[in-house]
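Here the structure comes first, spelled out in structure tokens, and everything after it is commentary.
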Amino acid sequence: MTNTSFLNRIAKVLIEDYSGKLSNTTVVLPNKRAKIFLIEALKKQVETNIVSPEIISIEEFIQDIASIRAVDPIELLFEFYEVYLSITEKVNQQSFELFANWAKTLLQDFNEIDRYLLVPSHVLSYLKDIEDIKKWGIEVENKTQLLENYIDFWKLLPNYYQSLYNHLLNKGIGYQGLIYREAVNNLNHFSDSIKEKQFVFAGFNALNAAEEGIIQHLIASDQASIYWDVDKTFLSDPFHDAGLFVRRFKESWKHYKSSPFEWIVDDFSQSKNIQIIGTPKTIGQAKITGSIIENIIKDNPNATLDKVAVVLGEENLLVPLLYSLPSTVGALNITMGYSSKNNPAQILIAKLFKMHTNALARNAKSYVLYYKDILDILTHPLVEPFAKTSVLVGIINQNNYTFITHHKLLELNPNPSDLFLLLFKKWETGSMAVLETISNLLLTIKTNLSNENEEEKITKAFVYAIFKVINKLINYYSKHLHIDKIETLYAIYKQVIDLAEVSFEGEPLNGLQIMGVLESRVLDFETVIITSMNEGKLPAGKSQNSFIPYDVKRELGLPTFKEKDAIYTYHFYHLLQRAKNIYLIYNTESEGLDAGEKSRFITQLEVERQPKHLLTHEIYNVVLPETAYQPMVIPKSELVMLRLKDIADKGFSPSALTSYIRNPIDFYFQKILRISEVEEVEENIALNTLGTIIHETLKVLYEPFIGKFLSEAAVLSCFKLMDDEVLKQFKLVYKEGEIKKGRNLLAFEVAKRNVFNFLKVELENIKKGDAIKILALEQRFERILEHPSLPFPVKIGGSVDRIEERNGNIRIIDYKTGKVEKTNVTLKSWKGLTEDIKNDKIIQVLAYVFMFEKEANGKPIEAGIISFKNLKSGFLPFNFKDGKEGNVIIGEEILNNYLEQMVLLLNEILDVNISFEEKV
């Protein structure tokens, strides 16, 4: 019988020992999932049709005895709140969200007290006595009201328990512990009523006091038999936790004083190939699992994967694992609970709460929504493919809408989808309406998803889990209409969502099995891959979510973390018991959120190594390339050369040339491929936007004076118009952006101050006697550059901020909003001009000189920068220091030297053999 699966052995016993009375036989298993596998095992044992025995889980069995319906954790919380309100004085009553914080823990304790059949008044008054002892040292006169209330809370616990118990019993519903206690109370009546029936208990390990009592009672009255699945390696070792419970039962049950103990197997010591694999992080574990499965398929292309199980020690690994599986996997069966915290539908609802509660808090009347909240929802993966809002997203980004009224939002999206209307329906008519809106929204999302691929099926399961929670809330809210604040609703939602797990159900007999540790009970697989083999994950660690202290639990016989560890140990070793190929994967990182020490189970396997076990230990690290990043190299194709010719015909701008010097790849993306930057809302005014506003303001202020000499009166008139013009330009450039608050208000004032300071310097210069004539403002100039070495003539073109005639000289000015120093426009040598990006301002201003030279009619030209962050330095002219003396006037020699450098740069850009190479 060695290495025969446990369920096959049970099936054999049922056929051989219970034939003829199978219809009166009930098989009780630890979980529902094993039922399908047992039916399959029975099929293999028979060749004719038979009536299958009834197969149920232990929880269903206990419910049958008690005749009480199990209540879900969310409903239980609301029922307890109802009881709490009825027995607590109004002045001491807490809101639901405060109540829920401690009620969830207390309900767990009530559950344990009942499952272990303890006297509740004894346990709960024990807790009060402990708290009293803790406070003995405090004099009566020093006891504060807070302390008195604290002691009163512990005094009330027996009352809370009894009132809740009676309240649930009257309704015919109950939590697990209550059902167990009532089942024990009802046991004699139950066993008298089922004289003809036989029960077979199979595959159990840890039993609580109620389960022990019920099973022993039925065995004693010859109505039941029990079959354990325990390996002699664990049972015979008094210190091995995998046999902890079964050892206790074997020694203490009266039945085993005279009857044999069934079954003890010897499977664990058989040949096994155990590979222990360490790798950094969660994603690494998912990738390795994927590659192990890929290798299994490669080695046996025709074999099915139904004998392969992936057991996730941590549920968060599910989604990365699904993306890491090879496409050849085909059928998948996921059976595990997945926390709602990472559920995409839950994340969407949380974002909705954030957006609408913020809108109500800002101004319930005008209902102002924040753009980030809107975009967060519109770009959510459950919304984006179906809401048809790409145009709206573009409008919000292009126009810098920061805060948008509800009315304006609907205006901007004139043909909204049903999904859009549900997402942005106002939350102003109370909690019930909000819940109904969310329920309809989830239904709409569900109908948008197809059943065609595995990914969308899984997404549907996520959506359905949240849909169930929302509908339960609707049901409870209809009975508790006094809880009507949206903030309270969100607090309640957050409390109950923790209790809502996503249950995946697949085709259990087909394909790769993905499950949690608890879902693996009773089942046997040939190949087992277990992930997250780290302390705190497997075993789960010492989380003590209880009001009952450890020593009290020990004394009363309640399970502690020691027993919890033993349960995990049994499940872990049971997975290994009959498996032939085992892969144990753990995270090598000892720090971080998903980290921890290597599991003690791995160490135990190594230390207590069985002779027939082949153990290997490997560490997988990501292979780091010698160079972290390979710079991009784009060769110049025929199409690229045609585009370069097109640019040369239309005009290379000075900024395009400096962009190439900065990084040829940027030039390639921006000028060759014409890829513009992604349009995003500019919530805080960027420097380049501020620069545009200042440029445009100065252009408008000075436009009336083009072709004229500036007078003091002209500049003074600019001062008067300045404030209004800056505001106007802000609105033109920044569109719907907010400029009356925060950083943007400061930016607005900075723009005004910059223009004011510029006009002030201008006025001072005129007073000093400077004769200034404006020749051009923000005007485009262009000129063809021809040279024997260039493959074709190249046009250089661009807009010049300002050209003036000052005291007989032509002055070409480029405004810069950032800080520019004199050194930035001073050149000592022409060599390497186009190789260093530090020379970008020189390249720019000299390009303007080249473009304007013919129109200067022989007048001396100077060109330079006015830096708004360095206005005290005034005009910073380009100057060539060939030795000590600087040369400000740009003559023929300087221009020829400059053009020589430009030709070198253009030849590089236009050379088909020189690729665009990224600078890193």
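Here PRO280 clears all of (1) farther than 23 Å from LEU512 by Cα; (2) over 27 Å from the mean Cα position of the chain (by Cα) except the condition numbered (2). Scan region 697-706 and give yes if some residue there is among the hydroxyl-bearing types (Ser, Thr, Tyr), buried (at least 19 other Cβ atoms within 10 Å of the Cβ) and in a helix (DSSP H, G or I), otherwise no. Scanning region 697-706 turns up at least one residue that is among the hydroxyl-bearing types (Ser, Thr, Tyr), buried (at least 19 other Cβ atoms within 10 Å of the Cβ) and in a helix (DSSP H, G or I). Only residues that are crowded, with 19+ Cβ neighbours inside 10 Å and β-branched (Val, Ile, Thr) were counted in region 155-213, giving 3.
Name the residues in region 551-560 that are of a type outside the set (S, T, N, Q), surrounded by fewer than 21 Cβ atoms within 10 Å (Cβ to Cβ) and in contact with a helix residue (DSSP H, G or I) (Cβ under 8 Å, 6 or more places away or on another chain), would you? The answer is VAL552, LEU556, GLY557, PRO559. Among the residues of region 14-34, which ones are touching a strand residue (DSSP E or B) at 6+ places or on another chain (Cβ under 8 Å) and surrounded by fewer than 17 Cβ atoms within 10 Å (Cβ to Cβ)? Those that are touching a strand residue (DSSP E or B) at 6+ places or on another chain (Cβ under 8 Å) and surrounded by fewer than 17 Cβ atoms within 10 Å (Cβ to Cβ): LYS21, ASN24, LYS32. All but one of (1) over 25 Å from THR279 (Cβ atoms); (2) within 30 Å of the chain's Cα centre (by Cα) hold for LEU558; which doesn't? For LEU558, the failing item is (2).
How about region 428-461: which of its residues are polar (S, T, N, Q) and either in a helix (DSSP H, G or I) or over 26 Å from ALA361 (Cα atoms) (or both)? SER431, THR437, SER439, ASN440, THR444, THR447, ASN448, SER450, ASN451, ASN453, THR459 - these are the residues of region 428-461 that are polar (S, T, N, Q) and either in a helix (DSSP H, G or I) or over 26 Å from ALA361 (Cα atoms) (or both).
Under the condition of being in a loop (DSSP other than H, G, I, E, B), more than 29 Å from ILE843 (Cβ to Cβ) and aliphatic (A, V, I, L, M), the residues counted in region 600-659 number 4.
Here region 608-627 is the region considered, the condition is being within 20 Å of ILE277 (Cβ to Cβ), more than 30 Å from the chain's Cα centre (by Cα) and of a type outside the set (D, E, K, R), and the residue that is surrounded by the fewest Cβ atoms within 10 Å (Cβ to Cβ) is THR616.
Scanning region 51-71 for residues that are among the acidic types (Asp, Glu) and in a strand (DSSP E or B) yields one hit, GLU54.
Among the numbered conditions (1) surrounded by 16 or more Cβ atoms within 10 Å (Cβ to Cβ); (2) modelled with pLDDT of 90 or more; (3) within 27 Å of ILE179 (Cα to Cα), the only one that LEU77 does not meet is (2). Annotation note: Cβ proximity below 6 Å between a residue of region 895-918 that is among the acidic types (Asp, Glu) and a residue that is part of a loop (DSSP other than H, G, I, E, B) (sequence gap 6+ or interchain) occurs for GLU908/ILE914; GLU918/PRO631; GLU918/MET632. Against the test of being in contact with a strand residue (DSSP E or B) (Cβ under 7 Å, 6 or more places away or on another chain), modelled with pLDDT of 90 or more, closer than 30 Å to PHE204 by Cβ and surrounded by 12 or more Cβ atoms within 10 Å (Cβ to Cβ), the options ILE56, ILE62 yield a single qualifying residue, ILE56. Please verify whether TYR568 is in contact with a strand residue (DSSP E or B) (Cβ under 8 Å, 6 or more places away or on another chain), aromatic (Phe, Trp, Tyr) and either part of a loop (DSSP other than H, G, I, E, B) or closer than 14 Å to PHE245 by Cβ (or both), treating the condition exactly as stated. Spelling it out, it is not the case that TYR568 is in contact with a strand residue (DSSP E or B) (Cβ under 8 Å, 6 or more places away or on another chain), aromatic (Phe, Trp, Tyr) and either part of a loop (DSSP other than H, G, I, E, B) or closer than 14 Å to PHE245 by Cβ (or both). Assessment of region 883-900 against the conditions (crowded, with 20+ Cβ neighbours inside 10 Å, of a type outside the set (A, V, I, L, M, F, W, C) and either at pLDDT 90 or above or out of contact with any Phe, Trp or Tyr (no Cβ under 6 Å at 6 or more places or on another chain) (or both)) yields at least one matching residue. Out of the residues in region 780-804 that are within 19 Å of GLU762 (Cβ to Cβ) and of a type outside the set (Lys, Arg), which is surrounded by the fewest Cβ atoms within 10 Å (Cβ to Cβ)? Checked region 780-804; the qualifying residue surrounded by the fewest Cβ atoms within 10 Å (Cβ to Cβ) is ASP801. Give the residues of region 657-666 that are crowded, with 19+ Cβ neighbours inside 10 Å and closer than 20 Å to TYR848 by Cα, sorted by residue number. Across region 657-666, the qualifying residues are LEU657, THR658, SER659, TYR660, ILE661. Show the residue pairs meeting these rules: Cβ distance below 9 Å; 6+ apart or different chains; first residue within region 233-246 and farther than 16 Å from PHE572 by Cα; second residue crowded, with 21+ Cβ neighbours inside 10 Å. As it stands, the answer is SER236/GLY243; ASP237/GLY243, since those pairs meet every condition given. Give me the pairs: first residue in region 613-638 and more than 16 Å from ASN587 (Cα to Cα), second residue assigned to a loop (DSSP other than H, G, I, E, B) and basic (Lys, Arg), beta-carbon distance under 8 Å, and six or more apart or on different chains, which are they? Close Cβ pairs (under 8 Å, with a partner that is assigned to a loop (DSSP other than H, G, I, E, B) and basic (Lys, Arg)) amount to LEU615/ARG609; PRO631/LYS919.
None of TYR464, TYR490 is modelled with pLDDT of 85 or more and part of a helix (DSSP H, G or I) except TYR464.
Elements of the type strands (runs of 3 or more DSSP E) sitting completely within region 301-402 and holding at least 1 residues that are under 30 Å from LEU584 (Cβ atoms): these cover 308-312, 332-335, 337-339.
Residue-wise test of (1) over 14 Å from ASP814 (Cβ atoms); (2) assigned to a loop (DSSP other than H, G, I, E, B); (3) touching a Lys or Arg at 6+ places or on another chain (Cβ under 9 Å); (4) of a type in the set (D, E, K, R).
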position: LYS838; (1), (2), (3), (4): yes, no, no, yes
position: TYR848; (1), (2), (3), (4): no, no, no, no
position: PHE852; (1), (2), (3), (4): no, no, yes, no
position: GLU862; (1), (2), (3), (4): no, no, yes, yes
position: ASN870; (1), (2), (3), (4): no, no, yes, no
position: LEU895; (1), (2), (3), (4): yes, no, no, no
position: TYR898; (1), (2), (3), (4): yes, no, no, no
position: GLN901; (1), (2), (3), (4): yes, no, yes, no
position: ASN913; (1), (2), (3), (4): yes, yes, yes, no
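Evaluating PHE239 against the criteria (1) of a type outside the set (Gly, Ala, Ser); (2) out of contact with any strand residue (DSSP E or B) (no Cβ under 8 Å at 6 or more places or on another chain); (3) in the same structural domain as THR588 (by TED's automatic domain parsing); (4) within 30 Å of PRO611 (Cβ to Cβ) leaves one unmet condition, (3).
On the given criteria, is THR459 hydroxyl-bearing (Ser, Thr, Tyr), under 16 Å from ILE377 (Cα atoms) and surrounded by 14 or more Cβ atoms within 10 Å (Cβ to Cβ)? The answer is no for THR459. For beta carbons closer than 6 Å, sequence separation of 6+ or different chains, a first residue in region 320-339 that is over 15 Å from VAL517 (Cα atoms) and a second that is of a type in the set (Ser, Thr, Tyr), the qualifying pairs are LEU321/THR289. Among LYS650, LYS671, LYS612, LYS645, which is the only one that is closer than 30 Å to ASP237 by Cβ and among the charged types (D, E, K, R)? None of the others qualify; the one that does is LYS612.
Checking THR304, THR279 one by one, the residue that is more than 20 Å from ARG521 (Cβ to Cβ), surrounded by fewer than 16 Cβ atoms within 10 Å (Cβ to Cβ), at pLDDT below 95 and in the same structural domain as ALA579 (by TED's automatic domain parsing) is THR304 and no other.
The values are calculated or read from the model by the stated rules, or taken from the named source; none is laboratory data. What you are looking at is a predicted structure, and each value in this text was computed from that prediction instead of being measured. Glycine also receives a Cβ, built like all others from the backbone with ideal geometry; neighbour counts cover every protein chain displayed.
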